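Have a look at the structure below, then the notes.
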Amino acid sequence: MAQKKKRTRFVIVFLFFIVYFFIAARPIPRETVLAPGWVVSLQNASEIQSDSGIFAAAQQFFPFTLGGYFGYADSSGQFALNRIKTNDIYLGQNMWTEYGAEPESLSINNINDNTVLTVENAGGYPILLDDRVFILGSEQNSLSEIDASGNKLWTYESGAPLTCIDVRAGLVLTGSLDGAVEVFNSSGERIFYFEPGGSRYSVILGCAMSRNGSRIAVICGIDNQRFLLFERLENTGGEYKIIYHEFLDTGFRRPVRVAFIDNDQRIAYERSGGIGFYNTRSRRAMFIPLEGEIAAIENSGAQGLLFLVTSHGLVELESSRRKNLVGIKFPPEGIFGYSRTAAQDAIFLRAPFKSDDVFLGRIRTSGSSSMLVTGGGTKLISFNLEER
């Protein structure tokens, strides 16, 4: 009888173990690693030679500026353009121009180094966004769009200097020193105007628009500084309403980074002591503390990952060369949003290095895969993002 009870107890324990194994067992989580790719020197690199002078549309290039050089490179580390910087540069995704302090004319070039547009009597400085060409007036209080012949399509005269500009989905978003947010359609007609107010100094320090133009993110004001998110109202022709508002503690007295990332699912915005994120789907915010100030940030945020570079000791020359490559993995949200612990543990990578200049970019390689490209001094380095 005792033997039978012992056998029965063993069977019960064994069955309990099997049930527990299937219910409670979890797979070992896969980790994202940066697998080293290529390293190229901007001083020694040569440009790709194309027999036709035109690169294939499928060939994806990213713009870079680093160590006195500028140009375009692809995912294999080859250059469509690699030049020494001799003046101010504006690099768009597919167009670039180099210009002096008070340019009388501007030559807009493509990545093949062919001039595609000449603007005579520019009267200001170039802005190349979303494959459109704009001129910001020399006093920064006017904005003109330029057509394919180099002529002005429209001009907007602002009552104060413009502090930020973004262009998406045929729309133009501007922010000004006197605290006004405005949106213009493709004809230059103003379709939205708003003054956030509520601060001792009304100024727009950063602005961004989602790819389809349905949302606007703004950093505004000094004492108090705030992050505002607007959403377009349906069937209004361009009216937006505030759907989220957040005070940003001490704030900054300089231009502030703000960008839509991860296919517009999130907004990343610079905050004192770290970086903030807002999830447009769950409508929840998260703050991740960082050491130092943000020196560079990639604008993809794909695969639930975002990379940035922080800089330390902006006063002393030697300490200002101290940089950190930081990788952030967005944590899953709980019922009440992001926990403080989850936000603090979101940083999965810290890689220190020293450099005066930094570059950081991200390029899609195939499907959902991507490559991180960073640089310091005169070298660009690539990393493949892999899960192991």
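Overview of values
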read-out	value
Enumeration of residues in the range 192-216 that are open to solvent by less than 30 Å² (accessible area, probe 1.4 Å) and small (Gly, Ala, Ser)	Gly197, Ser199, Gly206, Ala208, Ser210, Gly213, Ser214
Residue that is more than 26 Å from Ser202 (Cα to Cα) and either open to solvent by less than 30 Å² (accessible area, probe 1.4 Å) or at pLDDT below 90 (or both), where the choices are Glu318, Glu270	Glu318
Leading residue by the ranking (nearest to the chain's Cα centre (by Cα)) among those in the range 353-375 that are at pLDDT 90 or above and closer than 12 Å to Leu325 by Cβ	Leu360
Near pairs, Cβ below 8 angstrom, 6+ apart or cross-chain, from the range 61-74 (more than 15 Å from Lys379 (Cβ to Cβ)) to any residue that is open to solvent by less than 10 Å² (accessible area, probe 1.4 Å) and not in a strand (DSSP E or B)	Pro63/Gly92
Any hit, the range 175-194, residues being small (Gly, Ala, Ser) and under 24 Å from Gly304 (Cα atoms)	no
Selected residue (criterion: surrounded by the most Cβ atoms within 10 Å (Cβ to Cβ)) from residues of the range 137-163 that are touching a Pro at 6+ places or on another chain (Cβ under 8 Å) and farther than 17 Å from Glu195 by Cβ	Gln140
Filter result for the condition that a residue is closer than 30 Å to Asp345 by Cα and open to solvent by less than 30 Å² (accessible area, probe 1.4 Å), over Asp249, Asp264	Asp264
Leading residue by the ranking (nearest to Leu229 (Cα to Cα)) among those in the range 164-191 that are under 23 Å from the mean Cα position of the chain (by Cα) and surrounded by fewer than 19 Cβ atoms within 10 Å (Cβ to Cβ)	Ile165
Residue within the range 328-348 that is of a type in the set (D, E, K, R), at pLDDT 90 or above and over 18 Å from the mean Cα position of the chain (by Cα) present	no
Condition broken by Leu305, with the remaining ones in (1) aliphatic (A, V, I, L, M); (2) within 17 Å of Arg364 (Cβ to Cβ); (3) open to solvent by 10 Å² or more (accessible area, probe 1.4 Å) satisfied	(3)
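The values are calculated or read from the model by the stated rules, or taken from the named source; none is laboratory data. In this text, all values refer to a predicted model and were calculated from it rather than measured experimentally. So basically every Cβ, Gly included, is an ideal-geometry build from the backbone, and we count neighbours across all protein chains shown. SASA here: full protein model, heavy atoms, side chains in, ligands and nucleic acids out. Shrake-Rupley method; radii C 1.70, N 1.55, O 1.52, S 1.80 Å.
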